[in-house]
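Participant: I have a structure I would like to understand better, so I am pasting it below and will then ask my questions one at a time.
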Amino acid sequence: MTRIFFATDIHGSDICWKKFLNAGKFYNADVLVLGGDMTGKALVPITQMPDGKYKATLLQQQFILNTEEEVRDMERRVGSRGYYPFRVTPEQLAEFEADPKKVDAFFHRQMLNVLEKWMALADEKLNGLEKQCLVCPGNDDALDMDDVIRRSKHVQLAEGKVVDVGDGFSMVSTGWTNITPWKTYRELPEPELAAKLEAMIPKSADMSRTVFNFHCPPYASQLDEAPAVDENLNVKDAGRSLIPVGSTAVRDVILKYQPLLSLHGHIHEAKGTARIGRTLSINAGSLYEQGVLQGVVVDLDPRKGIRSYSLTTG
Amino acid sequence: MSQSTLFLRKATGLVRSWSVFDAFIYAFFSINLVTLGLYIFSQMWYLEGGLIPTMIVSGVIIVSEVVVYAGLIAVMPRAGGDYVWQSRILGGGVGFVLAVTGWWFILWLWTPLYADMLRHIFFVPLLGIAGLKDAALWFAWDPGAWFLVCVLTCVFVTIVIALGMKTYAVVQKFCFWVGNAGLLVVCLFLLFGNQESFKAGLEANATKLFGAAPGVYDATIAAGQAAGAIAPLLGGSLAAIFLAMPYIVFFNLWPNWGATLYGEVKGADDFKKNFAGMAWALGITTALGALLFLLVNKTIGWDFVTNANAAYWSYRWGYTPDTPPPLYIWPYPALLAMFLTTNPAMQFIVILAMSMWFFGWAGTVFLSSTRVIFAAAFDRLLPEVVASVEPRTRTPIWSLALMVVPGLIVSALFVWDLLGFRSLTLASTLVIAVTYLGSTIAAIVLPYTKKDLYEASPIAKYKIAGIPLITVAGVIFAAFLIFLLYQWLIDPNNLYGISYRNVSSLVFMGVMYLLALGIYLGARFYRKGRGVDVDLIYKEIPVE
């Protein structure tokens, strides 16, 4: 029997990444799978003041940091929420404010730096554990993140590949999604996404032993319900208007091939399970800002298929 | 110029903001003046605490609840509410038992209560105004009619769930404006009317529309006096006001139902906005209630209203079985106000508009239950099938069945008063209060037991005398809930009817908690046999 632990959308949270690396031991899982969106969404400047102290604003609350220890603690708190802390002088901060391209470039460097550190930590923690670790960047992850993952010894880049996960089961993965209002790195119109998915699914595969690890959930599956936003990205009806935002292409390939299992993320609020035909589809959801690693433990039995599964809040 | 404190990139889910007014609308409907409010106020005719001071004092205390829930949402947004907060902080077993009893099982008991409100503010007055007196009185008094309304309530909620929240959010906004327009007209009638014109209007309308005997005003006063009506509008000692609270919280304990759980990379603003949405709803509803009853007092007369309530409920509860109320329907204040006119079209339109307070509110009753059932199924404590959705109508057939079927069974017990079920009205509030107490205890200990989680939240800086605000508010609200539970369960003054002396109440609630515990332990045992350790579901993975 193969036990898979799947988590997704940790968005730069150091705590969630460390928990993910420890999840193999904790849940006794053979295979660890991270379903995408590893990189953070926010930069938090920690600004040096003329008197040598620092100040930072986290969650709209200002903190004056008197000692190096307090600054480091703030950096830890910022990082644990998935944001990137950086120390600046007021002059450097003014330069960032004046030049959005400079911010973008810096953001990009920070994402790569943190991901490199994460891969180094993974190589250290997974060394000698005999656990398979697959990572598939999601639509919020820049394309050159793949190169950083490729360089890891113990983390396998899963994007676009069919990977053997043991006991005759294989996993097909992609982090590409349908178009979102945010115009992120890995988005395609539905017809092109459908073609991409078709190209990566092996036609001769035994679908009763195949897992789809597609970042985007299937359309109208309840795993894709997100609060509706207006053209200015304001949430409508105080978040009560939930609409399906998943991919029709993902839904179509699941219905067409009927894999044993499909694993998804992307819509953090839509944690849950659904049956798409015979396929068990799961969105593990995400609470990365709280340092909570949501996930799912699935036991794959060569004779029975899915022996059991549990959604976890670790 | 202030310097930037945060740089965001384009990333999925980064929304800008949401409207406090929208949040206010949903919280405003949750503490619903016209349905919950008027229904429960009418049952308080024998209490000595003034209605308006009781509303105000309880409203002030319930602000602590608003702080607790806005705080929990700020620390753990998008987690899914009481079930996840309690499971995470107090443990999976406690979370499951309190959530399924408070958000699922007890909603079965709310089904006949919702239906009772619906028939009295919709079917009875509208049919009477339409000239269908016999049909109106059938809906008013026949248990079969009441049960039919229970079925219709379930049908309405099923349609709402099938339509989805996007559609229902639009419906709710429509109902908000139309319902409030109706209330405005009612208030205008009360403002410009006087007691003499009301007496004449009552005599004309009650006899014509509902078959009351002539002299209905004086007869109602006399029947109410005989039944022992004493509830004042204003005044009452502080002790009397507190003793009226276990009743009034049936109406105003629910501002948190309007809370918004969304928002990412946000901070103190979301806490403040959530707090504002709920607190404004609580404050404005209280003010509106006070205004309405001051106007009622001016034109209808508080004496008449409280005596009409006493005459009606003492007969319905069987205290005066040989004395039917002279006004032979529930004394719905909006209908009484519309007796100030004899124009049936005006009466019909205003009462129809007022019924929007029900339709904009009632749809969400089973949605919360559906969410808890789904969450429990995802945690493998219920079978996977109960979280399934029928693909064509997108309706969660199984979870709805788990609400509707037991809801109708409990409705039948309540409607026909089998096993003493009709005495259980306030148990509907008690069980949810116990669930709230669980979340409140979780909130009190949160800063100490989940230090990292709390310290990384936007409310970490809010303190009173060095103690976290959420803990202080939690202690106040917990003390209030414990007071309520003491009054309900021990009931030293014998006021609420659901104490330990009411065997039906104890058995009903006991069965619910045992059923929840049985499901939890059974599922745990079953899953263990299949290699799933349920205890691991909410256990935190070590970081280092």
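Participant: Does residue B:364 fit the bill of being surrounded by fewer than 17 Cβ atoms within 10 Å (Cβ to Cβ) and either more than 21 Å from the chain's Cα centre (by Cα) or closer than 22 Å to residue B:99 by Cα (or both)? Steps first, answer last, please.
Facilitator: Values: surrounded by fewer than 17 Cβ atoms within 10 Å (Cβ to Cβ): no; either more than 21 Å from the chain's Cα centre (by Cα) or closer than 22 Å to residue B:99 by Cα (or both): yes.
Spelling it out, it is not the case that residue B:364 is surrounded by fewer than 17 Cβ atoms within 10 Å (Cβ to Cβ) and either more than 21 Å from the chain's Cα centre (by Cα) or closer than 22 Å to residue B:99 by Cα (or both).
Each row is one residue, and each column tells you yes or no for (1) buried (at least 19 other Cβ atoms within 10 Å of the Cβ); (2) more than 14 Å from chain A (Cβ to nearest Cβ); (3) among the acidic types (Asp, Glu); (4) more than 25 Å from residue B:309 (Cβ to Cβ).
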site: B:17; (1), (2), (3), (4): no, no, no, yes
site: B:28; (1), (2), (3), (4): yes, no, no, no
site: B:33; (1), (2), (3), (4): yes, yes, no, no
site: B:60; (1), (2), (3), (4): no, yes, no, yes
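Participant: Right, next: Of a type in the set (Val, Ile, Thr), farther than 22 Å from residue B:520 by Cα and within 14 Å of another protein chain (Cβ to nearest Cβ) - does that describe any residue in segment B:382-390? I'd like the intermediate steps shown before the answer.
Facilitator: Step one: filter segment B:382-390 for residues of a type in the set (Val, Ile, Thr), giving B:385-386, B:389.
Retained after the next criterion (residues that are farther than 22 Å from residue B:520 by Cα): B:389.
Narrowing the set further to residues that are within 14 Å of another protein chain (Cβ to nearest Cβ) leaves B:389.
Yes, segment B:382-390 contains a residue that is of a type in the set (Val, Ile, Thr), farther than 22 Å from residue B:520 by Cα and within 14 Å of another protein chain (Cβ to nearest Cβ).
Participant: If you scan segment A:255-268, which residues turn out to be of a type outside the set (S, T, N, Q) and surrounded by fewer than 22 Cβ atoms within 10 Å (Cβ to Cβ)? If you could, list the steps in order and put the result at the bottom.
Facilitator: Of segment A:255-268, the ones of a type outside the set (S, T, N, Q) are A:255-257, A:259-261, A:263-268.
Of everything in segment A:255-268, those that are of a type outside the set (S, T, N, Q) and surrounded by fewer than 22 Cβ atoms within 10 Å (Cβ to Cβ) turn out to be A:255, A:256, A:257, A:260.
Participant: Moving to a separate point now. Go through (1) assigned to a loop (DSSP other than H, G, I, E, B); (2) facing chain B (nearest Cβ under 10 Å); (3) under 17 Å from residue A:119 (Cβ atoms) one by one and return the number of the condition residue A:9 breaks.
Facilitator: (3)
Participant: Let me ask another. Anything in segment A:63-92 that is at the interface with chain B (Cβ under 10 Å from one of its Cβ atoms) and over 29 Å from the mean Cα position of the chain (by Cα)? List them, or say none.
Facilitator: Those that are at the interface with chain B (Cβ under 10 Å from one of its Cβ atoms) and over 29 Å from the mean Cα position of the chain (by Cα): A:63, A:90.
Participant: Please return the ranges of strands (runs of 3 or more DSSP E) entirely within segment A:238-314 where 1 or more residues are of a type in the set (Phe, Trp, Tyr). Talk me through it step by step, then tell me what you get.
Facilitator: On the way: elements: A:242-244, A:261-264, A:272-276, A:279-283, A:294-301, A:305-313.
Result: A:305-313.
Participant: Looking only at segment A:178-226, which residues are of a type in the set (Val, Ile, Thr) and within 27 Å of residue A:305 (Cβ to Cβ)? Before you say what the answer is, go through the steps one by one.
Facilitator: Initial filter on segment A:178-226 (of a type in the set (Val, Ile, Thr)): A:179-180, A:184, A:201, A:210-211.
Within segment A:178-226, A:201, A:210, A:211 meet the criteria.
Participant: Would you confirm, using the coordinates I've provided, whether residue B:305 is under 22 Å from residue B:352 (Cβ atoms), in a helix (DSSP H, G or I) and of a type in the set (Val, Ile, Thr)? Give the derivation first.
Facilitator: Numbers: under 22 Å from residue B:352 (Cβ atoms): no; in a helix (DSSP H, G or I): yes; of a type in the set (Val, Ile, Thr): yes.
When the stated conditions are applied, residue B:305 does not pass them.
Participant: Counting just the residues of segment A:257-288 that are in contact with a Pro (Cβ under 8 Å, 6 or more places away or on another chain) and of a type outside the set (A, V, I, L, M), which one comes out nearest to the other protein chains (Cβ to nearest Cβ)?
Facilitator: By that ranking, first place goes to A:269.
Participant: Within segment B:455-484, how many residues are in a helix (DSSP H, G or I) and either more than 14 Å from every other protein chain (Cβ to nearest Cβ) or buried (at least 23 other Cβ atoms within 10 Å of the Cβ) (or both)?
Facilitator: Restricting attention to segment B:455-484, the residues satisfying the condition of being in a helix (DSSP H, G or I) are B:455, B:469-484.
Now restrict to residues that are either more than 14 Å from every other protein chain (Cβ to nearest Cβ) or buried (at least 23 other Cβ atoms within 10 Å of the Cβ) (or both): B:470-484.
So the count comes out to 15.
Participant: Moving to a separate point now. Report yes if residue A:203 is of a type outside the set (A, V, I, L, M, F, W, C), free of Cβ contacts under 8 Å to residues at least 24 places away in the same chain, closer than 18 Å to residue A:262 by Cβ and assigned to a loop (DSSP other than H, G, I, E, B), otherwise no.
Facilitator: When the stated conditions are applied, residue A:203 passes them.
Participant: Also: When segment B:133-170 is examined, which residues are found to be in contact with a strand residue (DSSP E or B) (Cβ under 8 Å, 6 or more places away or on another chain) and of a type in the set (Val, Ile, Thr)?
Facilitator: Here is the first cut: in segment B:133-170, the ones in contact with a strand residue (DSSP E or B) (Cβ under 8 Å, 6 or more places away or on another chain) are B:158, B:161-162, B:164-166.
Within segment B:133-170, B:158, B:161 qualify.
Participant: Can you tell which of A:31, A:44, A:71 is over 30 Å from residue A:130 (Cβ atoms), modelled with pLDDT of 95 or more and crowded, with 18+ Cβ neighbours inside 10 Å? Don't jump to the end; show me each part of the working.
Facilitator: Values: A:31 fails: over 30 Å from residue A:130 (Cβ atoms); A:44 fails: modelled with pLDDT of 95 or more.
A:71 is the lone residue from the list that is over 30 Å from residue A:130 (Cβ atoms), modelled with pLDDT of 95 or more and crowded, with 18+ Cβ neighbours inside 10 Å.
Participant: Considering only segment B:88-105, I want to know if a residue exists there that is touching a Leu at 6+ places or on another chain (Cβ under 8 Å), within 14 Å of another protein chain (Cβ to nearest Cβ), crowded, with 23+ Cβ neighbours inside 10 Å and hydrophobic (A, V, I, L, M, F, W, C).
Facilitator: Yes, there is a match, as at least one residue in segment B:88-105 is touching a Leu at 6+ places or on another chain (Cβ under 8 Å), within 14 Å of another protein chain (Cβ to nearest Cβ), crowded, with 23+ Cβ neighbours inside 10 Å and hydrophobic (A, V, I, L, M, F, W, C).
Participant: May I pose another question? Consider residue B:379 against the criteria (1) in contact (Cβ under 8 Å) with a residue 12 or more places away in the chain; (2) charged (D, E, K, R); (3) surrounded by fewer than 22 Cβ atoms within 10 Å (Cβ to Cβ): it satisfies all of them except one. Which criterion is unmet?
Facilitator: With respect to (1) in contact (Cβ under 8 Å) with a residue 12 or more places away in the chain; (2) charged (D, E, K, R); (3) surrounded by fewer than 22 Cβ atoms within 10 Å (Cβ to Cβ), residue B:379 is out only on (3).
Participant: So, one more: In segment B:501-520, what residues are free of Cβ contacts under 8 Å to residues at least 60 places away in the same chain and not β-branched (Val, Ile, Thr)?
Facilitator: Selection gives B:501, B:506, B:510, B:514, B:518.
Participant: Just name the residue that is farthest from the chain's Cα centre (by Cα) out of those in segment A:209-237 that are away from chain B (no Cβ under 13 Å) and in a strand (DSSP E or B). Walk me through it before giving the result.
Facilitator: Taking segment A:209-237 first, the residues away from chain B (no Cβ under 13 Å) are A:209-214.
In the following step, the residues that additionally are in a strand (DSSP E or B) were identified as A:210-214.
On the way: A:210: 21, A:211: 18, A:212: 15, A:213: 12, A:214: 11 Å.
For segment A:209-237, the residue satisfying everything is A:210.
Participant: Still on this structure: Do you know which of the residues in segment B:510-544 that are hydroxyl-bearing (Ser, Thr, Tyr) and in a helix (DSSP H, G or I) is farthest from the other protein chains (Cβ to nearest Cβ)? Before you say what the answer is, go through the steps one by one.
Facilitator: The initial filter retains those residues of segment B:510-544 that are hydroxyl-bearing (Ser, Thr, Tyr), namely B:513, B:520, B:526, B:538.
Cutting the leftovers down to in a helix (DSSP H, G or I) gives us B:513, B:520, B:526.
Values: B:513: 24, B:520: 15, B:526: 11 Å.
Across segment B:510-544, the extreme among qualifying residues is B:513.
Participant: Out of all the residues in segment B:195-216, is one or more within 30 Å of residue B:428 (Cα to Cα), of a type in the set (Gly, Ala, Ser) and surrounded by 22 or more Cβ atoms within 10 Å (Cβ to Cβ)? Talk me through it step by step, then tell me what you get.
Facilitator: Applying the first criterion (within 30 Å of residue B:428 (Cα to Cα)) to segment B:195-216 yields none.
No: segment B:195-216 contains no residue that is within 30 Å of residue B:428 (Cα to Cα), of a type in the set (Gly, Ala, Ser) and surrounded by 22 or more Cβ atoms within 10 Å (Cβ to Cβ).
Participant: Considering only segment A:49-62, how many residues are more than 8 Å from chain B (Cβ to nearest Cβ), surrounded by fewer than 16 Cβ atoms within 10 Å (Cβ to Cβ) and either under 21 Å from residue B:462 (Cα atoms) or aliphatic (A, V, I, L, M) (or both)?
Facilitator: Step one: list which residues in segment A:49-62 are more than 8 Å from chain B (Cβ to nearest Cβ), which gives A:49-55.
Okay, now just the ones that are also surrounded by fewer than 16 Cβ atoms within 10 Å (Cβ to Cβ), so A:49-53.
Right, trim to either under 21 Å from residue B:462 (Cα atoms) or aliphatic (A, V, I, L, M) (or both) and you get A:49.
The total comes to 1.
Participant: Just checking, does segment A:95-107 include any residue being under 30 Å from residue A:19 (Cα atoms), more than 9 Å from every other protein chain (Cβ to nearest Cβ) and either among the small types (Gly, Ala, Ser) or under 25 Å from the mean Cα position of the chain (by Cα) (or both)? Walk me through how you get there before you give the answer.
Facilitator: Going residue by residue through segment A:95-107, those that are under 30 Å from residue A:19 (Cα atoms) are A:103-107.
Pick out the ones that are also more than 9 Å from every other protein chain (Cβ to nearest Cβ) and you get A:105.
Applying the additional criterion that residues be either among the small types (Gly, Ala, Ser) or under 25 Å from the mean Cα position of the chain (by Cα) (or both) yields A:105.
There is at least one residue in segment A:95-107 that is under 30 Å from residue A:19 (Cα atoms), more than 9 Å from every other protein chain (Cβ to nearest Cβ) and either among the small types (Gly, Ala, Ser) or under 25 Å from the mean Cα position of the chain (by Cα) (or both).
Participant: Starting from segment A:220-236, take each residue that is under 13 Å from residue A:275 (Cα atoms) and list its partners that are aromatic (Phe, Trp, Tyr), counting only C-beta distances under 9 angstrom and pairs at least six apart or across chains.
Facilitator: Qualifying pairs under 9 Å: A:222/B:374.
Participant: Can you name every residue in segment A:122-174 that is small (Gly, Ala, Ser), touching a Phe, Trp or Tyr at 6+ places or on another chain (Cβ under 8 Å) and either under 19 Å from residue A:262 (Cβ atoms) or free of Cβ contacts under 8 Å to residues at least 60 places away in the same chain (or both)?
Facilitator: The answer is A:173, and nothing else.
Participant: Can you pull out the residues in segment A:181-196 that are of a type outside the set (Asp, Glu) and either modelled with pLDDT of 95 or more or in a strand (DSSP E or B) (or both)? Even if it seems obvious, please write down each step before you answer.
Facilitator: Step one: filter segment A:181-196 for residues of a type outside the set (Asp, Glu), giving A:181-186, A:188-189, A:191, A:193-196.
Hits for segment A:181-196 are A:186, A:188, A:189, A:191, A:193, A:194, A:195, A:196.
Participant: Restricted to segment B:35-55, and to residues that are among the hydrophobic types (A, V, I, L, M, F, W, C) and part of a helix (DSSP H, G or I), which residue is farthest from the other protein chains (Cβ to nearest Cβ)? Before you say what the answer is, go through the steps one by one.
Facilitator: Within segment B:35-55, the subset among the hydrophobic types (A, V, I, L, M, F, W, C) is B:36, B:38, B:40-41, B:44-45, B:47, B:51-52, B:55.
Keeping just the survivors that are part of a helix (DSSP H, G or I) gives B:36, B:38, B:40-41, B:44, B:51-52, B:55.
Values: B:36: 20, B:38: 25, B:40: 26, B:41: 28, B:44: 32, B:51: 30, B:52: 30, B:55: 25 Å.
Among them, the one singled out is B:44.
The values are calculated or read from the model by the stated rules, or taken from the named source; none is laboratory data. All figures in this text were calculated on a predicted structure; none of them were measured in a lab. Virtual Cβ from ideal backbone geometry, glycine too; neighbours counted across all protein chains shown.
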